[in-house]
1. Could you give the dipole magnitude of chain B about its Cα centre, charging the beta-carbon of Lys and Arg +1 and that of Asp and Glu -1, in debye to the nearest 20?
2. Please report the accessible area of B:Leu199 (heavy atoms, 1.4 Å probe, ligands and nucleic acids excluded) in Å², nearest 10.
3. How far is B:Gly220 from the same spot in each other copy, in nm, shortest first, if each label point sits 7 Å from Cα toward Cβ?
4. Determine the order of B:Arg79, A:Arg209 by accessible area, beginning with the largest, at a probe radius of 1.4 Å.
5. Along Cα→Cβ at 7 Å, what distances in nm separate the A:Pro97 label point from those on the other copies, shortest first?
6. For the rotation taking B to A, I'd like to know which residue in chain B has the C-beta closest to the axis, plus that distance in Å.
7. Of the heavy-atom accessible surface of the range A:96-237 (probe 1.4 angstrom), what whole percent is carbon and sulfur?
8. Across peptide A:26-34, what mean number of C-beta atoms from other chains lies inside 10 Å of a residue's C-beta?
Number of protein chains: 2
Amino acid sequence: MTVFLNGRFVPESEAMVSVLDRGFLYGDGLFEAVRVANGRAFRWDAHLERLKRGADYVSLRLPCTEEALRDWVGELILRNELREGLLRVVLSRGVGPRGYSPRGATEPTLVMTVHPLPPQSADRAAAWSLVTSRMRLPANEALAQFKTCNKLPQVLARAEADAAGADEALLLNTDGHIVESSSGNLFWVADQHVCTPPLASGILAGVTRSIILELCIELGIQTRQAPIAPVELAQTDGVFLSLSTMGVAEAVSLDGRDLSRSPLTEHLRLAYLDLIDRDTR
Amino acid sequence: MTVFLNGRFVPESEAMVSVLDRGFLYGDGLFEAVRVANGRAFRWDAHLERLKRGADYVSLRLPCTEEALRDWVGELILRNELREGLLRVVLSRGVGPRGYSPRGATEPTLVMTVHPLPPQSADRAAAWSLVTSRMRLPANEALAQFKTCNKLPQVLARAEADAAGADEALLLNTDGHIVESSSGNLFWVADQHVCTPPLASGILAGVTRSIILELCIELGIQTRQAPIAPVELAQTDGVFLSLSTMGVAEAVSLDGRDLSRSPLTEHLRLAYLDLIDRDTR
């Protein structure tokens, strides 16, 4: 793989950062995972927008113009001859004096890598088993809406799913409501509405989540944002996750108990795949 | 500086990790900050113990024996001719396949660096102004007791203190109780008791915190563990923080209002400095 690192394209083996980089020390950074289809970054503008809002929130500076970044994205995809896959952008605060204070850390690190899609994200429907993680995220914490490099709760939640032989884990917040899965936003179907937790639950403001809500409007499906507990999720008409890798992933069980399945899930999954194709041709 | 990196001693300029290291991507790792005095790592065993418990909790493996690690610590201090300072140990999950699952990441990264003490931590008493951060940490989350590399809330809290011209920031949990400062555990004096929040508040199980509680027993000072809100802290007889860099740091104001000062703070500060000296000679 060719990697983009601070304005240069380097082989993966040379793509290194200092052990004093605050990304490595504290997870002091942000990232984006962007679907690449037909050799183009799908909804790049929405990802860039979130990255910029997150950077504002944590007082990080994008070390280049938006135009330069867009050109580098295109060049990275070309150099790696990537048609279908995933683009990862990491912006860390770089090296600074020891300690938590970001003072004196003035040169952010910008890295971009490309990756194949996970095997399950070919154009096949998912049928995922979920478990509820023991990890708790803070309810109503503004930082949660950004894709920060503080992902240890998600790593551990995903490890719980692995250990249980499940596909994904749901994380709860300190109020006992479901936030999201380790790598996707949560949706469910109830009374012919497509529902998802509100930002105040401490969820990531997922780009794919926004697109799903957009698609619902386009398709005339009503939507609702509301908090939900695991016991309530088991009573709904259908459950799915939204992920940048594969769009819509249907969940078929939670903690070993079957979930209902709604035809709206497959409807949205196909509409999403169609949108990716339309947008990137 | 000479840096320890995966079994080798290298110059700082060559101490690099892959941009695919999960420490850099997700903060998927743990660290320790250990006071070095008289050329020795103060209470190394307690730090190693916490590192091992944390590694167990997040399913990380120490990639060497305890004896090898102890020898490397000694050699790193020697090579850097460090008498007074700070030793930093970082254990990350290393490189693995893309995604949150830790599966397939089998070679942890182990880094050790040394640093000078911050200028304010010479043998002078601190008189710190504190502010209350807007960041909220999850109450009652077991992961919080370990020193993980997910420290963005602490970084942002410290930035709030910097912006306010204060020395440190206090973080609250989702119950509204104070957890700790960005880099230290909280103590206060009330009714001649030295008090500190319990682990259930979501606090870091600080090594210096344990030593302070030990010293209280040795000195015949009664202790109490209880949750506390900022408004209650302002009513106590004295407030201090415990930090590995400087032991006891007295707080003299909170959000611009003066705090009471207790002679017990200075008593414990001196006892701590004395203990460091006794233990490392």
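1. For chain B, the charge dipole is close to 680 debye.
2. My reading of the accessible area for B:Leu199 is about 90 Å².
3. For B:Gly220, the other copies' label points sit at 8.5 nm, shortest first.
4. So, going from the largest accessible area down, we get B:Arg79, A:Arg209.
5. 4.4
6. Here the nearest residue and distance are B:Gly27, 1.
7. 49
8. For peptide A:26-34, the averaged partner shielding equals 5.
The values are calculated or read from the model by the stated rules, or taken from the named source; none is laboratory data. This is a predicted model, so every value here is computed, not measured. Here the Cβ is made from the backbone with ideal geometry for all residues, glycine too, and neighbour counts use every protein chain on show. Just the protein is used for accessible areas: all its heavy atoms, side chains included, with ligands, DNA and RNA removed. Shrake-Rupley method; radii C 1.70, N 1.55, O 1.52, S 1.80 Å.
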